[in-house]
Every structure is written in structure tokens, then in C-alpha cells.
Amino acid sequence: MTAIALPLPAIPARTRPIEEAAWVRRFLIGLALAFLTLFLFLPLISVFYEALRKGWDVYIAAITEPDAVSAIQLTLTAAAIAVPLNLVFGVAAAWAVTKFEFRGKNLLVTLIDLPFSISPVVSGLIYVLIFGLQGWLGPWLAEHDIRIIFAVPGIVLATLFVTVPFIARELIPLMQSQGTEEEEAAVVLGANGWQIFFRITLPNIKWGLLYGVILCNARAMGEFGAVSVVSGHIRGSTNTLPLHVEILYNEYNFAAAFAVASLLALLALITLALKAIVESKTREKPVTTGIQE
Amino acid sequence: MGPFRQHSVLPGFNLALGFTLLYLSLIVLIPISAAFVRTAELTLPEFWDVVTTPRVLASYRLTFGASFAAALLNAIFGLLVAWVLVRYSFPGKKLVDALVDLPFALPTAVAGIALTALYAGNGWIGQYLEPLGLKIAFTPAGVFVALTFIGLPFVVRTVQPVLEDLEPELEEAAATLGASRLQTFLRVIFPAIFPALVTGFALAFARAIGEYGSVIFIAGNMPMISEITPLLIITKLEQYDYAGATALAVVMLMISFVLLLIINLLQGWSRSRSSSSV
């Protein structure tokens, strides 16, 4: 009987001092999920529900009719031009901003972000003011029979504008945190500029770059306001997918509108999934400089 | 004033900066300056008349009011969502965390028609609100709902990292000193995340001011009642009133610049706060 160890002081049943009581936790989780359900989950679910409500046949017909197919093609074309151009821009801007010290750098970074803070409608309008019939270059373009506004080039330009910052703003903080030691070591060892970029910098930034490309692509394919101003809404010719959704919706063809919208919602979900994968990759392998290892 | 740039052994400065400036000028700066140059064709009194008609003033009131209310709701619930995601665990948390970014990824037109379907009188949510006398779709309240959706990720994503970096020692010290959990939150945690919260609010507000796609479907777009300023620009453009559309665009551009400046200052404040607390 003597050998019985004294029980350790019991850990009190109540929570640790820096945790909330269980009912508070449950209440807060419930409240947060209720808010997200009303404003996030239900809108997402309703897109697919409304799309499939009239049945699978209506759905397939809506996304395979010629106008829908041509909208898909135009959306892919605009993204296929805008994303690579902004990729080159983003890398060049990040290289200039993060590898060198020069005056006016903060201003440059602010200017790169500018398209994010401008209303999409204004983004489209400014191109009309330059290339439209009443615009600066309008008369000259009309004389030479070149159409930019209410035509594909205008859509590409508007898409370019709204997606300018995406890749640059992912790369700048990343490359800032990586410093310039590795590149400088490569210079000492005799590498030229392109060798440095492709062998040293690119492998270091590949996930950040991919992340920026994913976000840039999502916006390029989904842009509505800016593209709407410059498109002219010509069916089968200057309609992107989001504009096609609008036309169908305004014609009270709801099932078809939601069917086409569901393609864009699917694209958004794929974007989020890729984003989560890239984020977990960068978290698993924290950026390390080879020199320190 | 030192030299334009400090010496560096790395190559490519001229090419990279030259290309950056050329591209930025062609795609962004020259087109934006077009709006200012074109609006200079109006005299100042003419400009003032165009941007202060009753219909335009009503659109400012709606745009600013709904954006402010939506950003405020997002500040409250964004903080709650960030808190729940950082501090608690529950099934499906990873999925919820990933879906918070949905408004960034979902095209605004899709959000617009989905919210309209939900909040219309016969919609999943609207059918319960309508008997209570609450009409959401095709009223100014619809504008508020759409702007809440598109601003949702901002506060969550600005507050979340600050909450993650918060040191538990501070809270333990507060608890040891006899503070209740609520006191600790109000006196220790809240001041630490406040700059991030305000930054998130400002980002959501700035985004909402310019929003177009998601709003036009749900708003009903009645002049003087539920018509936002970006829509008014489009209306004027469709009536070939280029001067009027450009004048309104210049007003919106100037608002964007001011908000961008404020956000830059807030982010600086936020950064200095979080680095000084570490």
C-alpha cells in the first residue's frame, strides 16, 4: 500500500489558459461557416445546380453550340497571348527591381500594381479613347481598315492590361527574399546573363512563377468588365466566355448561361486546386540558398 | 542625390528595366493618360457639371455606401474566418481555407448570376427573406451582397499571416496576469492584428468601388436607385457620350489613386507593426 505513487496533479478539465472554452470554439466555427455558406459555398454550388437542372442533354448542347465554341476559342486565344507576354514582363520587372538598387524603385513597383486598383470598366474605356473611332488613332486605323476596338485585338489588349501585375507581384517579394549572392557567385565563375537566369534564378523561382501564371491565367480567362467595353458583343466573333454568359442570361436562357458559367467555375476550382498544390510545394521546401548549405 | 543606380556585378539591368518601362508605358501608362488628356477637352465647369448631375451623385452614394458596408461586413467576418482557420481545427478545414480565395478565381459574371439566382425571390436564400419583407436581388441590397462576395478574401488573407505569427507567450503572459480570454483578445491580440485588419478593409473597399461584373446582374440597375458608377460610364459610352464617360472615368481613376496611396501607407504601417512586435 505504501508504494502507491501519488497521482500527478490532475490537469484541470477546463481548457488551457490561451484557449477558448469548447462551446465558444464551436460557436465561432459555426458562425464562420454560416457566413461562408451564405456568401461563398452556396453561390458556387448553385452554379452547377442551375447548369444541370434541365438535364445533361441541355447542358452538353449549351456548351457545344457554335457560339459557345467560338467563345471558348476566343477566351483561350486571349489568355494564350496575354499570359506569356505578362510572364516576360513579370520576370524582367522582377529582375530589375530585385537584383539592382536604383532611384524611383518604389514608384515603379506601385505603377506595376496600378491595373489592380483601376475599375475594369475604366480599363476598357481607356483603350476605346485611343483606338476607338473617336479615339486618337481611330481615324488613321479606319483609313487603313484596321479594327482594334470591337475586334479581337481590343479584347487581347484589355486582357493584357488587367493581368499586367499578376506575375510581377508574385516574383518581386520572392526574389527579394532570395537576394543576389547566388547570381553574383555565378558571375565570378564566369557565367553569362542568360546562363545565370536559366541555371540559377529560374530554378529558385519556378514555383512562384507557376503560382503567378495560374492566377494570371484565371483572371485572363474570366475578365468581364474591361473586355465588355471593348468587345462590341458580336456573337461568334468577339464574345469571350464571360460575355457569352451575359448574353445568354439576358436572353433569359438561364440553363445555357449557367452551363457556360459552370465551365468558368470549373476553371476557378482547378485554379484553386493548383494554387493549393503549389503552396504546399513551396512550404515543404523552404527556399534555401545553395551557398549556405 | 546619389547616382541613378548603385553598382552591381549582375548583368541585364538596362535590358530588364528598359523592357519593363516600355511595356508598362505602352500597356498601362499611355492609355491611362489618354483619359486625362481627353477629359481636358472639357472646361473645368463643364467637367464639374458632368460629374455632379443628380444621377451621377446617386451612383456615387450607392457605390461608396455599398462598398463601405460590404468591406465592413468583410472586416468583421473576415477576422472571424481568419481566426477560426488559424486557431481551431475542424473537418474540411483545408478545403475551406482553399475556397476562401474563390472570389479571386471565379469570373465576376459567374458570381453575379449565381448570387442573383440565390437571392432572387424564388432563390434558395431569397425565398426565406422575401416573406420577411427583405428584397435583396434587384435592389441596392443586392449590390451590397455582390460586393461582399468579391471582397471576402482580402481581410482573411491579410489577417491570417499576422495571426499565425503571433507569439503564444504574449497571451500566456496575459492569462498569467489574470486577464480573461476576452480581455486578452481585446488588449493583446486585437492591437497586434489591427493594422492588417484595416489594410484588408481598405483592399476590399478599393476593389468594391470599381467592381462591375458581379454587380450588374443582381442590382437591377435602376437609375437613381441601384445604378453603380462604373455602369453609368458604360451607359454614357453606349450613348456615344465619350466626354461624359471619360469625365466619370477620370473621377474613378483619381479615387483609385488616392486609395492606392492610402493602401501603400497602411501596408507600411502594418509591416512596421508586425516587425516591431517580433
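Derivation of every value follows stated rules applied to the coordinates shown; laboratory data play no part. Remember, it's a predicted structure, so these values are computed and weren't measured experimentally. Every residue, glycine as well, gets a Cβ built from its backbone with ideal geometry; the counts of neighbours run over all protein chains shown.
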> All other residues with a Cβ under 12 Å from the Cβ of B:Ala66 taken together, and with Lys, Arg as +1 and Asp, Glu as -1, what is their net charge?
Replying inline: -1
>> Report, to one decimal in Å, the Kirkwood hydrodynamic radius for the protein assembly as shown based on all distinct Cα pairs.
In response: 25.6 Å
>> Distance cut-off 20 Å, Cα to Cα: go down the list A:Lys99/A:Lys281; A:Lys206/A:Lys281; A:Lys99/A:Lys206; A:Lys275/B:Lys94; A:Lys206/A:Lys275; A:Lys206/B:Lys94 and report the pairs above it.
In response: A:Lys99/A:Lys281; A:Lys206/B:Lys94
> For A:Val245, what is the net charge nearby, where nearby means another residue's Cβ is under 12 Å from its Cβ and Lys, Arg count +1, Asp, Glu -1?
Replying inline: -4
> Under 5 Å between amide H atoms, partner at least 5 residues away or on a different chain: which partners does A:Lys54 have, H built in plane at 1.01 Å?
Replying inline: none
>> What distance in nm separates the two pseudo spin-label positions at A:Arg235 and B:Gln267, each 7 Å out from Cα along the beta-carbon direction?
In response: 4.4 nm
>> At 222 nm, what value in deg cm²/dmol follows for chain A if DSSP H runs of at least 4 each add -39500 (n - 2.57) and the sum is divided by all its residues, to the nearest 500?
In response: -22500 deg cm²/dmol
>> Using DSSP to call loops (not H, G, I, E or B), can you name the trypsin sites (Lys or Arg not before Pro) in segment A:73-140 whose Cβ has at most 13 other Cβ atoms within 10 angstrom?
In response: A:Arg103
> Using θ = phi - 60° and the Karplus form 6.51 cos²θ - 1.76 cosθ + 1.60, what ³J(HN,Hα) does each residue of segment B:237-254 get, whole Hz, x for Gly and Pro?
Replying inline: 5, 5, 8, 6, 8, 5, 4, x, 4, 5, 4, 5, 4, 5, 4, 5, 4, 5
>> Give the separation of the Cα centroids, segment B:217-278 to segment A:147-218, in Å.
In response: 28 Å
> For A:Ala185 and A:Arg53 in one chain, what is 0.36 nm times their gap in residues minus the Cα-Cα distance, to one decimal in nm?
Replying inline: 41.4 nm
> In what sequence do B:Tyr119, A:Tyr49, B:Tyr23 fall when counting other Cβ within 10 Å, fewest first?
Replying inline: A:Tyr49, B:Tyr23, B:Tyr119
>> Tell me the mean residue ellipticity at 222 nm calculated for chain B from its helices only (DSSP H runs of n ≥ 4, each -39500 (n - 2.57), averaged over every residue, nearest 500).
In response: -23500 deg cm²/dmol
>> Within 10 Å of each Cβ in A:109-117, how many Cβ atoms from other chains are there, averaged over the peptide?
In response: 6
> Considering chain B as a Gaussian network with a 10 Å cut-off on Cα pairs, which listed residue, B:Ala109, B:Ala206, B:Ala173, attains the greatest mean-square fluctuation?
Replying inline: B:Ala173
> Loop-only check: which chymotrypsin sites (Phe, Trp or Tyr not before Pro) in segment A:211-273 are DSSP coil with at most 12 other Cβ within 10 angstrom?
Replying inline: A:Tyr252
> To the nearest whole number, what is the average tally of beta carbon atoms from other chains within 10 Å of the beta carbons of peptide B:111-124?
Replying inline: 6
> So for chain B, Kirkwood radius off the Cα pairs, Stokes-Einstein at 20 °C and 1.002 mPa s: how many µm² s⁻¹?
Replying inline: 98 µm²/s
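Express in % the proportion of alpha carbon pairs of chain A at distances exceeding 30 Å.
Working: 22054 of 42778 pairs.
For chain A, the fraction of Cα-Cα distances above 30 Å is 52 percent.
Run the numbers on chain B and let me know its relative contact order in percent, using alpha-carbon pairs under 8 Å that are six or more apart.
Relative contact order of chain B: 28 percent.
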>> Cut-off 10 angstrom, C-alpha nodes, Gaussian network model of chain A. Which of A:Trp23, A:Trp194, A:Trp136 fluctuates the most?
In response: A:Trp23
> What percent does the relative contact order of chain A come to when contacts are Cα pairs within less than 8 Å and at least six residues apart?
Replying inline: 28 percent
> GNM on chain B, C-alpha springs below 10 Å: top fluctuator among B:Gly220, B:Gly210, B:Gly12?
Replying inline: B:Gly12
